[in-house]
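Only one structure is covered here, and it is reproduced in the block below.
The values are calculated or read from the model by the stated rules, or taken from the named source; none is laboratory data. Because the structure is a prediction, the values reported are computed rather than measured. Glycine gets a Cβ as well: all are built from the backbone with ideal geometry, and neighbour counts include every protein chain shown.
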Amino acid sequence: MLWLDLGNTRLKYWLTDDIGQIVTHDAKQHLQAPAELLMGLTDRFERFAPDFIGISSVLGNELNAKVSETLSRLNIPFEFVHVDAAHPLMKSQYNDEQLGCDRWLQMLGAVDKKKRQCVIGCGTAVTIDLIDHAEHLGGYIFPSIYLQRESLFSGTKQITISNGTFDSVGQGMTTQDAVHRGILLSIVGAINEISHRHPNFEVIMTGGDAAIISQHVNRPVRLRDDLLLNGLARYFDHSK
Ligand SMILES: Nc1ncnc2c1ncn2[C@@H]1O[C@H](COP(=O)(O)OP(=O)(O)OP(=O)(O)O)[C@@H](O)[C@H]1O
Ligand SMILES: CC(C)(CO)[C@@H](O)C(=O)NCCC(=O)O
Ligand SMILES: [K+]
């Protein structure tokens with residue numbers, strides 16, 4: 001099977017074998033041209049010869065149509081995931097026409113009907129979602145640390161582009177430190193507040209920035225890098 005995750009910044013793919021083990025995977029920046037990027041990958045995908053392609057996309061109908069057009073040339077059956085608020089593995093109270101497919105799949109990949117869970121995705125946006133015994137209660141969306149920094153750079157005169165690191169939440173004494181520490185604190189503080197409000201929820205984090213952020217969270221955090229892929233596998237297992 002071939003699995004695609006079309007995110008806002010990157011396209012990720014995984015090739016898995018019959019028993020679900022990852023044979024190969026990669027992530028590439030698509031610069032808002034995922035269909036063109038896929039075009040360049042079709043030779044590789046053809047060589048993989050998967051019998052099915054399962055797709056998560058948060059790119060919207062227009063770009064998805066272009067992606068479909070590109071994938072059609074492969075003659076391999078493919079299908080986009082559609083969020084299902086009444087899925088047998090997890091019910092959701094969220095507006096299912098709006099809920100991002102990546103968010104939903106990450107939850108589907110993590111959900112355990114015996115637990116209360118807080119699933120945090122740290123990609124282009126940071127998402128925090130609460131699940132109570134396989135019922136999604138809703139959540140929050142934040143700009144990532146990098147998007148927050150860009151908005152300060154572009155919205156102010158005296159804060160100029162700099163390459164600091166996000167490594168502390170202590171108060172800063174320079175602009176660079178104040179910016180990086182303030183941004184990191186905005187996300188860490190929110191996570192700590194939400195986990196304080198929901199003390200019995202297991203905190204699970206995934207995504208490229210999970211390691212940076214989780215270091216400052218004052219609760220035990222379970223880091224998982226396989227949630228979206230696991231969600232895709234669970235989704236297509238149930239739909240067949
Ligand atoms: N090789 C890499 N390229 C880009 N980002 C990376 C890379 N390695 C780690 N990251 C980190 O991962 C973060 C992005 O996380 P993730 O991969 O979960 O989302 P994304 O692919 O950028 O977002 P989306 O899934 O919305 O496209 C970036 O902010 C960056 O810090
Ligand atoms: C929040 C993001 C950007 C996270 O990748 C994505 O899941 C998305 O575009 N969601 C749509 C809005 C929503 O989930 O309510
Ligand atoms: K938008």
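The set of residues in the range 132-141 being more than 9 Å from ligand 2 (Cβ to nearest atom) and outside any loop (DSSP other than H, G, I, E, B) consists of D132, E135, H136, L137, G138, Y140.
Report, by residue number, each residue of the range 114-131 that is in contact (Cβ under 8 Å) with a residue 24 or more places away in the chain, surrounded by fewer than 20 Cβ atoms within 10 Å (Cβ to Cβ) and away from ligand 2 (no atom under 15 Å from the Cβ). Residues satisfying the conditions are K115, R116. Of all the numbered requirements in (1) away from ligand 2 (no atom under 16 Å from the Cβ); (2) modelled with pLDDT of 95 or more; (3) among the aliphatic types (A, V, I, L, M); (4) not in a helix (DSSP H, G or I), A65 misses one, and that requirement is (4).
State the number of residues belonging to the range 169-195 that are more than 22 Å from the chain's Cα centre (by Cα) and in contact (Cβ under 8 Å) with a residue 40 or more places away in the chain. So the count comes out to 1. Out of curiosity, is D84 under 29 Å from D129 (Cβ atoms) and of a type outside the set (S, T, Y)? So D84 passes the test. For the range 63-78, the condition holds for at least one residue, the condition being that it is among the basic types (K, R) and within 22 Å of A33 (Cβ to Cβ). Can you tell me which residue in the range 206-240 is nearest to ligand 1 (Cβ to nearest atom), limited to those that are closer than 16 Å to D112 by Cβ and in contact with a Lys or Arg (Cβ under 9 Å, 6 or more places away or on another chain)? The extreme case among them is T206. Looking at L74, L59, L31, L105, just one residue is within 14 Å of ligand 1 (Cβ to nearest atom), surrounded by 12 or more Cβ atoms within 10 Å (Cβ to Cβ), assigned to a loop (DSSP other than H, G, I, E, B) and of a type in the set (A, V, I, L, M, F, W, C), and that residue is L59. From the set of residues in the range 109-145 that are aliphatic (A, V, I, L, M) and more than 16 Å from ligand 1 (Cβ to nearest atom), which is farthest from G164 (Cα to Cα)? Here the residue is A134. Within the range 83-103, the residues that satisfy the criterion of being without any contact (Cβ under 8 Å) to a residue 40 or more places away in the chain and of a type in the set (S, T, N, Q) are N95, Q98.
Exactly one residue among L147, L184 is hydrophobic (A, V, I, L, M, F, W, C), assigned to a helix (DSSP H, G or I) and crowded, with 18+ Cβ neighbours inside 10 Å, and that residue is L184. In the range 73-86, the count of residues that are at pLDDT 95 or above, at positive phi and not assigned by TED's automatic domain parsing to the domain that holds P220 is zero.
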